[in-house]
1. Using alpha-carbon pairs under 8 Å, 6+ residues apart, how would you state the relative contact order of the chain in percent?
2. In nm, to one decimal, how far is the modelled label at residue 178 from the one at residue 46, with both set 7 Å along Cα→Cβ?
3. Rounded, prolate or oblate: which fits the range 357-461, taking a ≥ b ≥ c as square roots of the Cα gyration tensor eigenvalues, rounded meaning a/c under 1.5, else prolate when a/b beats b/c?
4. Between residue 133 and residue 374, take the C-beta separation as r, use R0 = 51 Å, and let me know the FRET efficiency to the nearest 0.05.
5. Determine, for each peptide in 96-102, 43-49, the mean count of other beta carbons within 10 angstrom over its residues, then list the peptides with the highest first.
6. Quote to one decimal, in nm, the extra length available between residue 285 and residue 610 on full extension: 0.36 nm per residue of separation minus the C-alpha distance between them.
7. Can you bin the range 118-167 into rounded, prolate or oblate? Criterion: square roots of the alpha carbon gyration tensor eigenvalues sorted a ≥ b ≥ c, rounded for a/c under 1.5, prolate for a/b above b/c, oblate for the rest.
8. Which residues among the range 370-400 fall inside the zone where the amide N is under 13 Å from a point 7 Å beyond the Cα of residue 224, along Cα→Cβ?
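We did not get these values from a lab; they are worked out from the coordinates using the rules stated. All figures in this text were calculated on a predicted structure; none of them were measured in a lab. Please note: Cβ atoms are built from the backbone with ideal geometry, for glycine as well, and neighbour counts cover all protein chains shown.
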């Protein structure tokens, strides 16, 4: 796959700039406090908006979002969209009610470069007209939504929960599902709970919101529509008596507590989310007082409630990851890791996947697989745990049909302890399996995965795969809890599965989901004695060990003998491939492997520094 086909961008760049095109609107929603009957014409003139777009792109902004009022009231909207794309914006999105959009207008905006429409709707039947104060508006919104979908524009829907809309929202998911077209559907429903409105009596307190959100979530699940809360909206997780199954509602990441206009409650000091939850809006407290709250005290729940972006954006971001390996000639080979599901039946503390996310829509998964195949990448179907997906066999067959490479399944093999299931995936087209196994004993393996009983099931799953002539690579992620077991792991593999390959991975603090703690992430120096012993055992037993030359490996200067660094056919790492996640020490400047070694992850450097690195000359 050509490198320029792989999207990499600095993680420090600002992602979004919202630009108001006008304040006028053709609706007068009861909850809206932004609408105005007149605009500052100088402020919204095309040159002023173009200047704002140029300045945002110059700062590295990825997405320009045009909002109002109702932006589609502007006749020059397609020209503004095209200008933003020509200025260098990666994405241009539009916030709209959709009532002024028909098929030709949707096509015009798509041709101009519009990538996403966020349509505001609280319902698609006549009851919603009382909220928007626009007779027939709900029907026109439904028509606009379908026109946008038909034009191939990605669509999200944003709804507002108030006293007037509470009875309408649970019916909205089914109405949106009815608009689904082949290969195109609403990507996500986002709900905001306002704390300021023209009529304060329309504002709900958080305890009253909870049952409505629970009912709405059930309705969304019934039609496989992802639901999330707007990032700037309550209620926070602690207000819910139980968050179980609702973790996808929130997008909380470190630093989020600094949101303006919010204050923490006394109970926040004991909460696991204190570094990422903004607390309660001051305007809410002024009106309703402090809601009943139960601090989050469980570290696993903190993990499940962590998400750095909006739901649809996070799903899209994590759906496909890229890695790089080398072929027999030393040339780079790009892998496309397609996460067909995010849920998992194990709970490893070092997992960097957002396993609490709902899965991507089938259309997204299919597009990801076809795109990877067309690019020439190897396709690895992954998760979460991909064997939990009901359409796994379909995705395997599709990957086989679009790629010349063998189809690989990344799995923990727990469910492959069923011989029939293992045989089915092989019949569908799997010829390689990358299997997670993080211990040599059930005691350690089950402790690392935090799922008792699954270690033994994984052993049987691996047995079944090898009996079916699948090429198996066993991935051992070394962490503080299992580092002493690596030599025994090598001996286990050599005795039970001599045809398998061992892949060594070092625990990586690669996302906010992974605790940056010394109790999880050891120093390289602490791993070296056991790693050296394990490599010596592998050499003695004729077992192949790989993984040192990948992102999940370790700095090449620290790879111990008897492993031969010179035997690695290393390709130069393209600039930007590691997306700013790795750092190097001054010693790396004179190292012969500088262009072929990632260095150390920032999370490791924060914990242990970079003094262990040395130059190989």
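1. Values: 1231 pairs, mean separation 50.8, N = 617.
For the chain, the relative contact order is 8 percent.
2. Each label point lies 7 Å from its Cα, and together they span 4.0 nm.
3. On the way: a/c = 2.17, a/b = 1.88, b/c = 1.16.
Since a/c reaches 1.5 and a/b is larger than b/c, the shape of the range 357-461 is classed as prolate.
4. Details: r = 48 Å, r/R0 = 0.95.
After rounding, the FRET efficiency stands at 0.60.
5. Packing proxy ranking, top to bottom: 96-102, 43-49.
6. Working: separation 325, 0.36 × 325 = 117.00 nm, distance 4.64 nm.
Stretched fully, the residue 285-residue 610 segment lengthens by 112.4 nm.
7. On the way: a/c = 3.25, a/b = 1.63, b/c = 2.00.
Oblate, because a/c is 1.5 or more while a/b does not exceed b/c.
8. Under 13 Å, as judged by backbone N against the label point of residue 224, lie 389-395 of the range 370-400.
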